[in-house]
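Written below as C-alpha cells is the structure these notes are about.
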Amino acid sequence: MTVDRKALIKSCDRLSIFANQSGMVEMRIDETTLKLKSEDADFEVAGDEQLPCVSEPFDGHSPINLRIGMKAVSVSQTLKTLSTEKAVFLLSDCSRAAIIQPQPQPDNEEITMLLMPMLCND
C-alpha cells in the first residue's frame with residue numbers, strides 16, 4: 001500500500017484520541033482506499049477517517065482486502081522519522097509485521113522499518 005505520509009500521520013494523531021487503552025487504530029485496506037477506525041467502547045466514543053491509497057496484491061491475482069490493527073502513536077511516530085511525501089507499507093497478513101519504507105528512498109540509503117500489528121477485536 002502506498003499512502004500520503006503526512007495525511008496518515010494527521011489521521012493517526014486525530015484518531016488516537018478515540019482509542020481505548022491499547023491505542024489501536026484499525027486499518028481496512030482495499031485497492032484504492034485506506035479506512036481508519038478507532039473506538040473506546042467504555043466511553044462510547046469513536047472516530048473514523050478515509051484516505052486514498054494505491055494497493056496492489058503480491059501475486060497480481062488476488063484482490064486486496066486486509067484488516068489490520070496498529071498502535072496509532074507508533075504509526076505516527078514511525079512516519080514522522082521520514083521526510084518523503086509518500087510511504088509504502090508492505091503487508092502480507094494481519095499477523096505479520098508491516099514493513100514501512102519511504103518513497104522514493106533517499107540517495108545512498110535504504111530505509112526499512114518494521115511495525116508489529118495488534119489483534120483486532122470482532
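The values are calculated or read from the model by the stated rules, or taken from the named source; none is laboratory data. Computed from a predicted structure; not experimentally measured. Note that each Cβ is placed from the backbone with ideal geometry, even for glycine, and that neighbours are counted across all protein chains shown. With ligands, DNA and RNA removed, areas are computed over all heavy atoms of the protein, side chains included. Shrake-Rupley method; radii C 1.70, N 1.55, O 1.52, S 1.80 Å.
Some observations on this one:
- Check on residue 30, loosely packed, with under 14 Cβ neighbours inside 10 Å and at pLDDT below 95: no
- Residues in the range 72-122 that are in a loop (DSSP other than H, G, I, E, B) and surrounded by 15 or more Cβ atoms within 10 Å (Cβ to Cβ): 82, 84, 91, 94, 117, 120.
- Failed condition for residue 69, given (1) in a loop (DSSP other than H, G, I, E, B); (2) under 12 Å from the mean Cα position of the chain (by Cα); (3) of a type outside the set (A, V, I, L, M, F, W, C): (1)
- Pick from the range 1-27, criterion hydrophobic (A, V, I, L, M, F, W, C) and in contact with a Lys or Arg (Cβ under 8 Å, 6 or more places away or on another chain), ranking: most open to solvent (accessible area, probe 1.4 Å): 24
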